[in-house]
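Presented below is the structure to which this report refers.
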Amino acid sequence: MAKRLTHNTLIIGNWKMNGDTARNEVLLSELLPALSNLKGVDVVVCPPLPYLSQVVHLLAPSNVVLGAQNLNHQTAGAHTGETSAGMLVDLGCHYVLVGHSERRAFHGEHDEWVAAKFAAALGAGMVPVLCVGETFAQRQVHETESVVTSQLNAVLQRVGIDQLCRGVIAYEPVWAIGTGETASPEQAQAVHQHIRQWLTLQNAKQAADCRILYGGSVNARNAEKLFSQPDIDGGLIGGASLDATSFIAVCVAAQR
Ligand code: PEP
C-alpha cells in the first residue's frame, strides 16, 4: 500500500432541513470562536439552500468553509426549483454533498444521476462529497461491500479514478443515519478498508491520498474512537452539527 498523505481531518456538518436566520446566527456565533484554534482539522458546514448567502457572510472571518447539500447536474435552463453547480460556486460553496441516502431514498436519485452530479460539481470547481452506504437489510445478507462498490463504480465509470479522488467519499451506513445507532469503530474501519483496497486496485497512489469520511450518528462520545481508525479521515455529521457543544466536541476529537 502506498504511503498515505497526512491530510487534515475533515469534518462536515450537514444541517439538513433545519435552521432559520436567527438560529443560524446563534449557532455560528457559538461555533466559530471555539473552532478558530483547532489544529489539523478542516471544518465545513452545509446549511439549507436558502441560507447559503446568510451563512457565507457569517463564515467570512472564520476558517470554516461553506458547502451545499445538493445540486442539479445541468448547468442552466428549464429545471424549476433546481440549483446548478455554478450557482453554488457563485454563492461561495466549496463543497457539495452528492448521493446522500435521504436523496437516494426519497428523491429517486440513482447511481448514474449521482455520478452526473459528482461530475458537475468537479467541473464547476467544487469538491463533491460522494455518500455511499448499505441499508440494514443489505448488511444482514452480507451485501455491504457489493453495494458500496457498485455505488462507487458508477462514479468511477463516469469520471475515472483521478477525478473520483479529487472528491471526498463518505461511508454512511443507512441504518446509522439519524437513528442513534452507530457503526462500531471496527465495523466502520472494515468498510473503509474495503473502499481503500478497491481504490488501490484502480490506482495505489490516488487511493492512499483519497479522503474517506464516516457518517452515521457520530457524536461527542463516539467521535474520537471512530476518527482514530487508520482509514477514517473525518466525519459527516448530521444531528450533532446542529448543537454547538456537540459539534465543537466532535471537531476537537478530530484533532490529530
Ligand atoms: C447525515 O445526515 O449525513 C448523518 C450522518 O446524520 P446523523 O449524524 O444525524 O446520523
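Around the amide H of SER84, modelled in the peptide plane, lie the amide H atoms of ASN72, all under 5 Å away and 5 or more residues distant in sequence or on another chain.
Once C-alpha pairs closer than 8 Å and six or more residues apart are averaged by separation and normalised to the residue number of segment 1-92, the relative contact order reads 28 percent. When all protein chains stay in place and ligands, DNA and RNA are ignored, the 1.4 Å accessible-area order of ARG139, ARG158, ARG221, largest first, is ARG221, ARG158, ARG139. With 0.36 nm allotted per residue and the present C-alpha distance subtracted, the LYS205-ARG221 stretch has 2.4 nm of extension available. Counting Lys and Arg as +1 and Asp and Glu as -1 over every other residue whose Cβ lies under 10 Å from the Cβ of ASN8, the net charge comes to +1. Each of MET87, ILE232, SER101 was scored by the projection of its Cα onto the charge dipole of the chain, and the greatest displacement toward the positive side belongs to ILE232; charges sit on the C-beta of Lys, Arg, Asp and Glu.
Using the 1.4 Å probe convention, the accessible area of the chain works out to 44 Å² per residue with neighbouring protein chains retained. For the pair segment 49-78 / segment 232-256, the C-alpha centres are spaced 20 Å from each other. Restricting attention to the chain, the count of lysine pairs at 8 or more positions apart or across chains with alpha carbons under 30 Å apart stands at 10.
Counting only heavy atoms of the protein chains and using a 1.4 Å probe, CYS93 has close to 10 Å² of accessible surface. Per residue of the chain, the DSSP helices (runs of n ≥ 4 H) give a summed -39500 (n - 2.57) that works out to -13000 deg cm²/dmol at 222 nm.
Of the accessible area of segment 9-255, computed with a 1.4 Å probe over protein heavy atoms only, carbon and sulfur atoms account for 53 percent.
Which value in Å is the Kirkwood Rh of segment 31-144 over different Cα pairs?
Evaluated on segment 31-144, it is 15.4 Å.
Can you give the extra length, in nm with one decimal, that the chain gains between SER36 and ALA60 once fully stretched, where that is 0.36 nm per residue apart less the Cα-Cα distance? Please list the in-between numbers first.
On the way: separation 24, 0.36 × 24 = 8.64 nm, distance 1.24 nm.
Length difference between fully extended and current span is 7.4 nm.
For segment 102-185, the equivalent ellipsoid derived from the alpha-carbon gyration tensor has semi-axes of 23, 13, 12 Å in decreasing order.
Largest first, what is the accessible-area ranking of GLU172, GLU143, GLU186 with a 1.4 Å probe?
Reading off the accessible areas and sorting them downward yields GLU186, GLU143, GLU172.
Given 25 °C and 0.890 mPa s, compute D for segment 9-255 with the Stokes-Einstein relation, Rh being the Kirkwood radius over Cα pairs; round to the nearest whole µm²/s.
137
FRET efficiency for GLN255 and HIS94, Cβ-Cβ distance as r, R0 = 25 Å, nearest 0.05?
Working from the Cβ atoms, E equals 0.75.
The values are calculated or read from the model by the stated rules, or taken from the named source; none is laboratory data. Just so you know, these numbers come straight off a predicted model, no measurement behind them. Note: ideal-geometry Cβ built from the backbone for every residue, glycine included; neighbour counts use all protein chains shown. For the accessible areas, the whole protein counts, side chains as well, though only heavy atoms, and no ligand, DNA or RNA atoms are used. Shrake-Rupley method; radii C 1.70, N 1.55, O 1.52, S 1.80 Å.
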